[in-house]
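Please read the structure below before turning to the comments.
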Amino acid sequence: MSETPKTPVAILLSGRGSNATALIEACARPDFPARICLVLSNKPDAPGLDMARAAGLETVAIDHRLYKKDREAHERAVDAALQKAGAEVVCLAGYMRLLTPFLTTQWAGKMLNIHPSLLPVFPGLHTHERALDAGVRIHGCTVHLVTEGMDEGPILGQAAVPVLPGDTAEGLAARVLRQEHRLYPDVLRRYLTKSPASTPAEAALLVA
């Protein structure tokens, strides 16, 4: 039996990298259609870099603070590292940077992000608190393609969780995070195995 062809994928993160861990574990399976070619962070002390190194992966830190307020200059350095690593797809996994048109154009259609809400509701930050304040009964997470507009790209997949009586933002966030860890690898697999000429698959809503 021939091995599944593996697309080189880079992960961008800023923190602990729990979604990165889920992707790394999935990519380690022989039948998964991707391999991690680079884990990159804008923060040299990001715990996710240590996790990636422990997994034997190539890592690089490109500290955004060294570029002052020149976001595009920082992104050009990031793009150069991605190109050098041979990445064909980029997965944002808690990468806490607002991207400029330079990077979103460079990787248009090839950059995925996971967001902790059922987009298009609650884009941006503090999604769990906002969901509770709004009194919604269903919350969740979304994987989407990255475009110039924040959290506005085409949706590739979603997973939902019920909002329970007495929920706190922390408890709700923990339940959503468990679904993120399931959803992101599944969507990446489906994204990579579609025919090159096809459009992104219609999003599937998975209710936990």
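Which condition number in (1) in contact with a strand residue (DSSP E or B) (Cβ under 7 Å, 6 or more places away or on another chain); (2) part of a helix (DSSP H, G or I); (3) of a type in the set (Ser, Thr, Tyr) is the one that THR105 fails?
Among (1) in contact with a strand residue (DSSP E or B) (Cβ under 7 Å, 6 or more places away or on another chain); (2) part of a helix (DSSP H, G or I); (3) of a type in the set (Ser, Thr, Tyr), the lone unmet condition for THR105 is (1).
Which ones in segment 6-27 are assigned to a loop (DSSP other than H, G, I, E, B) and of a type in the set (S, T, N, Q)?
Step one: of segment 6-27, the residues assigned to a loop (DSSP other than H, G, I, E, B) are 6, 14-17.
Hit for segment 6-27 is SER14, nothing else.
Listed residues ALA203, ALA131, ALA160; which is modelled with pLDDT under 95, surrounded by 15 or more Cβ atoms within 10 Å (Cβ to Cβ) and not assigned by the TED database to the domain that holds GLY17?
That would be ALA203, the only listed residue that is modelled with pLDDT under 95, surrounded by 15 or more Cβ atoms within 10 Å (Cβ to Cβ) and not assigned by the TED database to the domain that holds GLY17.
So SER14 ticks every box in (1) in contact with a Phe, Trp or Tyr (Cβ under 8 Å, 6 or more places away or on another chain); (2) modelled with pLDDT under 95 but one. Which box is left unticked?
Among (1) in contact with a Phe, Trp or Tyr (Cβ under 8 Å, 6 or more places away or on another chain); (2) modelled with pLDDT under 95, SER14 violates only (2).
Looking at this structure, is GLU58 acidic (Asp, Glu) and within 28 Å of VAL161 (Cα to Cα)? Even if it seems obvious, please write down each step before you answer.
Values: acidic (Asp, Glu): yes; within 28 Å of VAL161 (Cα to Cα): no.
Against the criterion (acidic (Asp, Glu) and within 28 Å of VAL161 (Cα to Cα)), GLU58 does not qualify.
When you look at LEU98, is it buried (at least 16 other Cβ atoms within 10 Å of the Cβ) and aliphatic (A, V, I, L, M), yes or no? Let's see the steps before the verdict.
Working: buried (at least 16 other Cβ atoms within 10 Å of the Cβ): no; aliphatic (A, V, I, L, M): yes.
It is false that LEU98 is buried (at least 16 other Cβ atoms within 10 Å of the Cβ) and aliphatic (A, V, I, L, M).
When you look at GLY149, is it among the small types (Gly, Ala, Ser) and modelled with pLDDT of 95 or more, yes or no? Walk me through it before giving the result.
Working: among the small types (Gly, Ala, Ser): yes; modelled with pLDDT of 95 or more: no.
For GLY149, the condition - among the small types (Gly, Ala, Ser) and modelled with pLDDT of 95 or more - is not met.
Mind listing just one residue for me: the one in segment 114-169 that is of a type in the set (Val, Ile, Thr) and in contact with a helix residue (DSSP H, G or I) (Cβ under 7 Å, 6 or more places away or on another chain) and, of those, farthest from SER14 (Cα to Cα)? Outline the logic, then answer.
Start the filter on segment 114-169 by keeping residues that are of a type in the set (Val, Ile, Thr), which leaves 114, 121, 127, 136, 138, 142-143, 146-147, 155, 161, 163, 168.
From what is left, the residues that are in contact with a helix residue (DSSP H, G or I) (Cβ under 7 Å, 6 or more places away or on another chain) are 114, 143, 146-147, 161, 163.
On the way: ILE114: 13, VAL143: 18, VAL146: 17, THR147: 19, VAL161: 25, VAL163: 28 Å.
Across segment 114-169, the extreme among qualifying residues is VAL163.
Limited to segment 42-52, what total is found for residues that are of a type in the set (Gly, Ala, Ser) and in contact with an Asp or Glu (Cβ under 9 Å, 6 or more places away or on another chain)? It would help to see each step written out before you state the result.
Our first condition is that a residue be of a type in the set (Gly, Ala, Ser); within segment 42-52, this holds for 46, 48, 52.
Going one step further and asking which of them are in contact with an Asp or Glu (Cβ under 9 Å, 6 or more places away or on another chain), we end up with 52.
Residues flagged as of a type in the set (Gly, Ala, Ser) and in contact with an Asp or Glu (Cβ under 9 Å, 6 or more places away or on another chain) within segment 42-52 amount to 1.
Quick grid of which residues meet (1) touching a helix residue (DSSP H, G or I) at 6+ places or on another chain (Cβ under 6 Å); (2) under 21 Å from LEU177 (Cα atoms):
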| site | (1), (2) |
| --- | --- |
| THR7 | yes, no |
| LEU12 | no, yes |
| ARG16 | yes, yes |
| ALA20 | yes, yes |
| ALA26 | yes, yes |
| PRO30 | no, no |
| VAL39 | yes, yes |
| ASP45 | no, no |
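Determine whether segment 120-128 contains at least one residue that is surrounded by 15 or more Cβ atoms within 10 Å (Cβ to Cβ), in contact with a strand residue (DSSP E or B) (Cβ under 8 Å, 6 or more places away or on another chain) and in a helix (DSSP H, G or I).
Within segment 120-128, one or more residues are surrounded by 15 or more Cβ atoms within 10 Å (Cβ to Cβ), in contact with a strand residue (DSSP E or B) (Cβ under 8 Å, 6 or more places away or on another chain) and in a helix (DSSP H, G or I).
Checking PRO185 against (1) surrounded by fewer than 17 Cβ atoms within 10 Å (Cβ to Cβ); (2) closer than 20 Å to LEU40 by Cβ; (3) in contact with a helix residue (DSSP H, G or I) (Cβ under 6 Å, 6 or more places away or on another chain), which single condition isn't satisfied?
Single failed check for PRO185: (1).
Being in contact (Cβ under 8 Å) with a residue 40 or more places away in the chain and either more than 18 Å from the chain's Cα centre (by Cα) or in a loop (DSSP other than H, G, I, E, B) (or both) is the filter here; which residues of segment 36-72 pass it?
Hit for segment 36-72 is ASN42, nothing else.
Do we have ILE24 as in contact with a Gly (Cβ under 9 Å, 6 or more places away or on another chain), of a type outside the set (Asp, Glu) and in contact (Cβ under 8 Å) with a residue 40 or more places away in the chain here?
No: the conditions fail for ILE24.
Return the residues of segment 52-84 that are touching a strand residue (DSSP E or B) at 6+ places or on another chain (Cβ under 8 Å) and within 25 Å of GLY153 (Cα to Cα); say none if nothing qualifies.
VAL78, ALA81, LEU82
The values are calculated or read from the model by the stated rules, or taken from the named source; none is laboratory data. Note that the structure is predicted; figures quoted are calculated from it, not measured. Cβ atoms come from the backbone with ideal geometry, glycine included; neighbour counts cover every protein chain shown.
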